[in-house]
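J.: Please find one structure pasted underneath; my questions will follow.
The values are calculated or read from the model by the stated rules, or taken from the named source; none is laboratory data. Predicted model only: the values in this text are computed from it and were never measured. Cβ atoms come from the backbone with ideal geometry, glycine included; neighbour counts cover every protein chain shown. Protein only, heavy atoms only, side chains kept; ligands, DNA and RNA dropped before computing areas. Shrake-Rupley method; radii C 1.70, N 1.55, O 1.52, S 1.80 Å.
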Amino acid sequence: MLEPVTAAVLLKTLDGLSLRASVNAQNIANAGTPGYRPLRVSFESALATAAQQGAATVDAVRPSVFPEPRWGVGDAMRLDLEVVETSLTAGRYSAMIELLNRHAQIAALAVSGGR
């Protein structure tokens, strides 16, 4: 069984990465929209701080969505960078799912006595 804080962090990470994937898709869909300002999702710092304080604090973490802070007038959105961010997010999400899967396999072995 996962420790409560670890389980909470993994689930919150999946939630944050899922939201980031949706925001990335929105950014890509609006790449050609004049004046569109790309959005970003932040949750890692808050999650790291909350993890030191316990599972209840982790459960209270909410990702924040905000406009790209370094956006200037006349800047064009870089579609290539949005695609890279989408790929990185998908890789992180996949890694978290794999981690949960491995833990479930270990737990199943423990319950079955290794058979």
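J.: Assuming R0 = 30 Å, can you tell me the calculated FRET efficiency for the pair Arg37 and Ala7, based on Cβ-Cβ distance, to the nearest 0.05?
T.: 0.25
J.: Follow-up. Just round it to a whole percent: the fraction of Cα-Cα distances in the stretch 15-97 exceeding 18 Å.
T.: Considering the stretch 15-97, 49 percent of its Cα-Cα pairs are separated by more than 18 Å.
J.: Charges on Cβ only, +1 for Lys and Arg, -1 for Asp and Glu, centred on the Cα centroid of the chain; of Pro63, Pro34, Pro4, which one is farthest towards the dipole's positive end?
T.: Farthest along the dipole direction, towards plus: Pro4.
J.: Ranked highest first by the average count of other Cβ atoms within 10 Å around their residues, in what order do 11-17, 106-112, 51-57 fall?
T.: In descending order of packing, they fall as 11-17, 51-57, 106-112.
J.: Whenever you get a sec, compute what percent of the accessible area on the chain sits on carbon and sulfur atoms (1.4 Å probe).
T.: C and S atoms contribute 61 percent here.
J.: Still on this structure, please answer the following. Return the long-range amide H neighbours of Arg40 (sequence gap of 5 or more, or a different chain), with a cut-off of under 5 Å between placed amide H atoms.
T.: Long-range HN contacts for Arg40: Phe66, Glu68.
J.: With a probe of 1.4 Å, find how much accessible area the stretch 1-65 has per residue, and write the answer as a whole number in Å².
T.: 54
J.: Also, I was wondering about something else. Could you give the size of the charge dipole of the chain about its Cα centre, using +1 on the Cβ of each K and R and -1 on the Cβ of each D and E, expressed in debye and rounded to the nearest 20?
T.: Rounded to the nearest 20 debye, it is 120 debye.
J.: Residue by residue through the stretch 10-19, which ³J(HN,Hα) values in whole Hz follow from phi under the Karplus form 6.51 cos²θ - 1.76 cosθ + 1.60 (θ = phi - 60°), with glycine and proline marked x?
T.: In residue order, the calculated couplings are 4, 5, 5, 5, 4, 4, x, 5, 5, 4 Hz.
J.: Just how far, in whole angstrom, is the stretch 74-115 from the stretch 13-68 if you go by their alpha carbon centroids?
T.: Computed from Cα coordinates, the inter-centre distance equals 16 Å.
J.: How high is the relative contact order of the chain, given as a whole-number percent (alpha carbon pairs under 8 Å, six or more residues apart)?
T.: Result for the chain is 35 percent.
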